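Before any comments, here is the structure.
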Amino acid sequence: MTPERIDWISHPAGPLHGELTVPGDKSISHRAIMLAALAEGVSRIDGFLEGEDTRATAAIFGAMGVRIETPSASRRIVHGAGLHGLAAPAGVLDCGNSGTGMRLLAGLLAGQRFDSVLVGDASLSQRPMRRVIEPLAAMGARIEAEPGGLPPLRIAGGAALSGIACTPPVASAQVKSAILLAGLYADDVTEVREVHPTRDYTERMLAAFGWPIEFAPGWARLSGGHRLHATDVVVPADFSSAAFFLVAATLVPGSALVLRGVGLNPRRTGLLAVLRRMGADIVEQNRREQGGELVADLVVRYARLRGIDVPVEHVADMIDEFPALFVAAAAAEGITMVRGAAELRVKESDRIAVMADGLRRLGIAVEETPDGAVIEGGALRGGEVASHGDHRIAMSFAVAALVARGAVRIGDCANVATSFPGFVELANGCGFRLAPA
Ligand code: S3P
């Protein structure tokens, strides 16, 4: 999806100023396309993330016969095909870099009458899929993977699914969602319990599309045999994209930024709690409900941070924000400890290893542990780091450079387009000095 290699040079800069709106939420954009495609009637999606991941998901439904119009950027009009109205695709379905796309689609496609094959890019092809294959197989799905449970996934059509009650061993909204989406096609009741509550967008959106579902933090239950009814979805700005600017403005003396309309679902905002505990000055203004989600404008000002032990109960609520947190910890006074975050090793890259390596190259003492890291805050210097094609690592090091003593060259940044198109322009607009190398 991103054939061209792009490296960045990010220079020390600041202070940061301005008001910005980051792109739409990735998790919600994926789900909005999926449920609108399976609904009866026409749904409008506003604030859709024009990222490669979510566009890949939209293209997959296009390949299964769903008419999706793009009246303007960040808008989609989806002509729902109904729960049983998808057409067999002519070729393989390419999820690109997106674990969310592949895992949710595995559940959804397990219930179709036709066979399908899900493929991904080099990074996605190394990510574990047993976590969805096993519970889906227990429901009656027939899915074959490569040795080690890796993609591509070959999903046999025509399987008769039955509901299960299960507690997946990892806290994962993707796994929970795959099971619930298969549950739409299952005979009886499907129930998922979680070891830690994770984002509940699938549950909320199923309810918004009229599917009967019961859920509470850490638990969801539905039964098959209902219908989805088209509805309009308004996608809030992605907290995970806002996170880079929250950390950047906190670290650079004299900064003050306003991030407009950021989604504040409590299962996403662990970083807010952690940054505040470290001493950050972030104020929520104009809190309101938008499309059933809590959003607010976040006002962030420079503040001195001190290291903390990150409470394990926040880990699932900030699972995508650890690269940004590692940078905050590197610039804080004292030691920050992260535990209970082994999942970071199976994200778009091994985020513990890659962040530890990059920060060490910039002069920071980091000790890796199997499920986290111990980061000793200090003076960052310039240098060269590798993002390993991981969008969030690339953006995190662009932030680190702001407070380094010299420029940071960041390798392999093209995948930023998977989640945050326009990052460079938005960042430079508020005071970054970031350019292609
Ligand atoms: C996501 C869930 C999380 C997160 C990912 C998006 C989702 O993954 O890291 O970026 O949209 O459901 P896990 O559920 O595997 O933790």
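Of the residues SER29, SER43, SER125, SER72, which is part of a strand (DSSP E or B), among the hydroxyl-bearing types (Ser, Thr, Tyr) and modelled with pLDDT of 95 or more? If you could, list the steps in order and put the result at the bottom.
Working: SER29 fails: part of a strand (DSSP E or B); SER125 fails: part of a strand (DSSP E or B); SER72 fails: part of a strand (DSSP E or B).
Just one listed residue meets the conditions, SER43.
With respect to HIS196, is the statement that it is open to solvent by 10 Å² or more (accessible area, probe 1.4 Å), outside the structural domain of VAL132 (by TED's automatic domain parsing) and in a loop (DSSP other than H, G, I, E, B) true?
The answer is no for HIS196.
Would you be able to tell me the number of residues in segment 137-179 that are more than 15 Å from the ligand (Cβ to nearest atom) and closer than 19 Å to PHE114 by Cα?
Of the residues in that region, 19 qualify.
Identify, from the list SER27, SER72, SER98, the residue that is open to solvent by less than 20 Å² (accessible area, probe 1.4 Å), farther than 25 Å from GLY157 by Cβ and small (Gly, Ala, Ser).
SER27
So is ALA365 crowded, with 20+ Cβ neighbours inside 10 Å, at pLDDT 95 or above and either touching an Asp or Glu at 6+ places or on another chain (Cβ under 8 Å) or in the same structural domain as CYS413 (by TED's automatic domain parsing) (or both) or not?
For ALA365, the condition - crowded, with 20+ Cβ neighbours inside 10 Å, at pLDDT 95 or above and either touching an Asp or Glu at 6+ places or on another chain (Cβ under 8 Å) or in the same structural domain as CYS413 (by TED's automatic domain parsing) (or both) - is not met.
Take segment 245-269 and flag every residue that is within 21 Å of VAL327 (Cβ to Cβ), in contact with a Pro (Cβ under 9 Å, 6 or more places away or on another chain) and open to solvent by less than 10 Å² (accessible area, probe 1.4 Å).
Across segment 245-269, the qualifying residues are ALA249, VAL252, SER255, VAL262.
Mind counting the residues in segment 1-24 that are small (Gly, Ala, Ser) and either crowded, with 24+ Cβ neighbours inside 10 Å or not in a loop (DSSP other than H, G, I, E, B) (or both)? Don't jump to the end; show me each part of the working.
Looking only at segment 1-24, we keep the residues that are small (Gly, Ala, Ser), and these are 10, 13-14, 18, 24.
When the remaining residues are screened for being either crowded, with 24+ Cβ neighbours inside 10 Å or not in a loop (DSSP other than H, G, I, E, B) (or both), the result is 10, 18, 24.
Of the residues in that region, 3 qualify.
The values are calculated or read from the model by the stated rules, or taken from the named source; none is laboratory data. None of the values given here were measured: they were computed from a predicted structure. FYI the Cβ positions are ideal-geometry reconstructions off the backbone, even for glycines, and counts take in every protein chain you see. Accessible surface areas use protein heavy atoms only, side chains included; no ligands, DNA or RNA. Shrake-Rupley method; radii C 1.70, N 1.55, O 1.52, S 1.80 Å.
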